[in-house]
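Nothing in this text is a laboratory measurement; each read-out follows from the coordinates by a stated rule. Everything numeric here is computed off the predicted structure, so don't read it as measured data. Positions of Cβ are backbone-derived with ideal geometry, glycine not excepted, and every protein chain shown enters the neighbour counts.
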Amino acid sequence: MAGVHPAAARFEGEREVIVSAYAQGLADAGSPLLQPGRWSRVRRQADAILRECAAGLRDESVAFSDADLVTVELMGARRALDGVPLRESLRAARILWLATAPALRRAVADLPEPEAEDLLRHAAEVFRRSACTRLYIGAAGYGDTELRELLREAESPDADSGTDRSGRVVPTQRDRDTRIPVGGAHHRIARELGIPESAVRSTLRAAIRRAGEADRRVD
């Protein structure tokens, strides 16, 4: 498609404008997602959706990594533990779209009308798929009582945190037994969500058990 890259560049140049409008929309709605400790994670998810929209404008394929999906499911479980209703995630997705749509229209404003309409439809579909995938996986985290219990256990004072006396993350015996290494994606997910890394490892173990893949090794 001609003009895809310029449109994507214009859209990416408005990311901060979109995020500011998103935050204002959440504030106007009285959303609990703006509370301290939540907004940074909510913003990272919004940034990911906006990057995927820009990729769609460049006619690039968009795929979700396993780490992305685990992050979203843990966020859902975390919100459930915090007592944040699932409807707040649905409302946030709608508010993000209301903030994004004007920027998409501005991004294609200089293109011929048929091409602009085609790009808008494509970008809207990318947004819908990206947001709906996250909502679906996040809702699974809300409904997963086992996952919420794993988070409670991991965040309890007696939990096996996998750290030494200096606070450095080290492999636990369970890590060695299951061959799930410390660090990498596990560390990034734990840092982004503000939860113990042991909760991420436990979530992956539970997912492996549910899938009936007891002999699978997570790299």
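Here are a few things to note about the model shown:
- Distance between modelled label sites at Asp28 and Asp110, nm, 7 Å Cα→Cβ extension: 2.9 nm
- Each peptide in 77-88, 99-110 was scored by the mean count of other Cβ atoms within 10 Å over its residues; highest first, the order is 99-110, 77-88.
- Each residue, Ser65 and Val17, gets one label point 7 Å from its Cα in the Cβ direction; the gap between the two is 3.1 nm.
- Arg91-Glu125 FRET efficiency (beta carbon distance; Förster radius 22 Å; 0.05 resolution): 0.55
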